[in-house]
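A.B. asks: Below you'll find the structure I mean.
The values are calculated or read from the model by the stated rules, or taken from the named source; none is laboratory data. Everything numeric in this text was worked out from a predicted model, so none of it was measured. For neighbour counting, all protein chains shown are included, and Cβ atoms are generated from backbone atoms with ideal geometry for every residue, glycine included.
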Amino acid sequence: MRPLSGKRKGFSAGFTLIELLVVIAIIAILAALFLPALQSFKRQSNETTCMNNLRQLAAGVALYAADNNGQFPLNSDTAGNSFWHRRIYAYLSSGKSEYDWGIENTARNTRNDRHWVYACPSSDNPKPAGYYALTYAMNALLADKRIMNLNRPGKVLLFVEFYNAYLADGSRMNLDGRLPCGIMGDGVNHAWHGGYVNMAFVDGHTERRVKADIPDSTKDKVFWEGKDQ
């Protein structure tokens, strides 16, 4: 009787080349199936974060107005007045003042920043050196108005996404060509949300619109200034 051997003839403990190629092909197919889903999830997550940012900014403005006789924060840093983003910072960050905003701003960027309420996480625009980390603009036409004087606050634009981080106001003349919803002056497609732009209104609700659905200030005084037509 022949003794048993420790090996069986023709058996190999490793993968054959064909088996390895099959495994690689399966992994590639699974990646192709799941990658679009992951990208879609990231876009939806960024969209949700962006809308939440806008709601927080609108709430900050409402709290500021409640402490200042209903007055909207100014869009100017002249005559000792700070821009809107500094003025509402204390209402967004407990224990902070408008002067702390500059410290935080220096540490922030506008490109894919998920933890800075002043910037959309879908932004592809880096902060220019020495400028503000902003991707939202406030409607400058509200700067001299009071909330209680607006008849339909739910129809009046308060904040909108904005490409140029160094511009803090949102007058109509500055918005043209700077909404991140398509190809801009640099020839690059800056569509952060698939061609839509997120915005917040004075009553705190948010919407997403294509550029064509954002009316011109000369044609829609309610949307821009809160005035009846």
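A.B. asks: Go through (1) within 23 Å of residue 222 (Cα to Cα); (2) modelled with pLDDT of 70 or more for residue 171 and report which single condition fails.
C.D. replies: So the condition that residue 171 fails would be (2).
Quick grid of which residues meet (1) modelled with pLDDT of 80 or more; (2) under 20 Å from residue 52 (Cβ atoms); (3) outside any helix (DSSP H, G or I); (4) within 17 Å of the chain's Cα centre (by Cα):
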position	(1), (2), (3), (4)
68	yes, no, yes, no
79	no, no, no, no
94	no, yes, yes, no
97	no, no, yes, no
103	no, no, no, no
112	no, yes, yes, yes
121	yes, yes, yes, yes
130	no, no, yes, no
